[in-house]
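K.L.:
Sending over a structure as structure tokens; questions will come in a sec.
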Amino acid sequence: MAEAKKVREDALAVPRRRFEKVNEIIARHGKSASALIPILQEVQEEYRYLPEEILTYVAMVMDLPPSTVYGVATFYVQFSLEPKGKYVIKICDGTACHVRGSDPVKEAIRKRVGLKNEKHTTDDLRFTVETVSCLGACGLAPVVMINDQIYGQMTPDAINVILDKILEEEGDVK
Ligand code: FES
């Protein structure tokens, strides 16, 4: 029994050092199953997505079946198993935004950040562009959200000004 515990401790030693930030998060929330969602939320804030190896590690440390942790991570739309950019741009394509011209705004964004085909995230992991169904600010349609900031009455020109400012702050004027 003690031997098995020792083997398990050894197996955890290297990842423990590697996932120091995750350990801090787990230590703050505790290891009860009810802490899993807040833990995953904080892990995602830290990494901007939920890397597979971290999900496995969280399961191991919390003594939960990996299928439980993966199940939660894939069930809630707030969680992403894909890497996301530093700037997550959500374009509303709900009815109000659509009829007031969200499509050209979306095209302008994708062009400005250099996204082609079906891709949602730029290769440099700076921008993720997503379409959502309603951002709850229909009176300001068409609406774009960049990280936590809402921008209303967007036009291709207006969004380009905002993106230019971000790119300038990033030291990258394209
Ligand atoms: S439809 Fe776009 S914010 Fe509601």
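The values are calculated or read from the model by the stated rules, or taken from the named source; none is laboratory data. All values derive from a computational prediction rather than experimental measurement. When we count neighbours, we look across all protein chains shown, and the Cβ atoms used for this are built from the backbone with ideal geometry, even at glycine.
K.L.:
So which residues in the range 122-146 are exposed (fewer than 14 other Cβ atoms within 10 Å of the Cβ) and within 10 Å of the ligand (Cβ to nearest atom)?
P.N.:
The answer is Ser133, Gly136, Gly139.
K.L.:
Could you please let me know if Gly85 is within 30 Å of Glu42 (Cβ to Cβ) and within 13 Å of the ligand (Cβ to nearest atom)?
P.N.:
no
K.L.:
Looking at Gln149 and the list (1) buried (at least 17 other Cβ atoms within 10 Å of the Cβ); (2) under 27 Å from Glu45 (Cα atoms), which single condition is not satisfied?
P.N.:
(1)
K.L.:
Continuing with the same structure: Going by the structure shown, is Lys119 surrounded by fewer than 19 Cβ atoms within 10 Å (Cβ to Cβ) and in a helix (DSSP H, G or I)?
P.N.:
No; evaluated as a whole, the condition is false for this residue.
K.L.:
Now for a separate question. Please verify whether Val144 is in contact with a His (Cβ under 7 Å, 6 or more places away or on another chain) and modelled with pLDDT of 95 or more, treating the condition exactly as stated.
P.N.:
So Val144 fails the test.
K.L.:
Can you work out which of the residues in the range 61-86 that are surrounded by 13 or more Cβ atoms within 10 Å (Cβ to Cβ) and aromatic (Phe, Trp, Tyr) is farthest from Thr128 (Cα to Cα)?
P.N.:
Tyr70
K.L.:
Here are some residues: Ala73, Ala96, Ala158, Ala108. Which one is in a helix (DSSP H, G or I), touching a helix residue (DSSP H, G or I) at 6+ places or on another chain (Cβ under 7 Å), within 16 Å of the ligand (Cβ to nearest atom) and small (Gly, Ala, Ser)?
P.N.:
Ala96
K.L.:
Any residue at all in the range 149-168 that is in contact with a Leu (Cβ under 6 Å, 6 or more places away or on another chain), over 30 Å from Ser32 (Cβ atoms) and of a type in the set (Gly, Ala, Ser)?
P.N.:
yes
K.L.:
Pull out all pairs, ordered by first then second residue, where Cβ-Cβ is under 8 Å, the residues are six or more apart or on different chains, the first lies in the range 98-118 and is closer than 17 Å to Cys138 by Cβ, and the second is assigned to a helix (DSSP H, G or I) and modelled with pLDDT of 95 or more.
P.N.:
Every condition considered, the pairs that remain are Val105/Pro156; Val105/Ile159.
K.L.:
Here is a follow-up. Can you confirm whether Lys165 is farther than 28 Å from Pro51 by Cα, basic (Lys, Arg) and either away from the ligand (no atom under 16 Å from the Cβ) or surrounded by 16 or more Cβ atoms within 10 Å (Cβ to Cβ) (or both)? Give the steps one after another, and end with the answer.
P.N.:
Working: farther than 28 Å from Pro51 by Cα: yes; basic (Lys, Arg): yes; either away from the ligand (no atom under 16 Å from the Cβ) or surrounded by 16 or more Cβ atoms within 10 Å (Cβ to Cβ) (or both): yes.
Yes: the conditions hold for Lys165.
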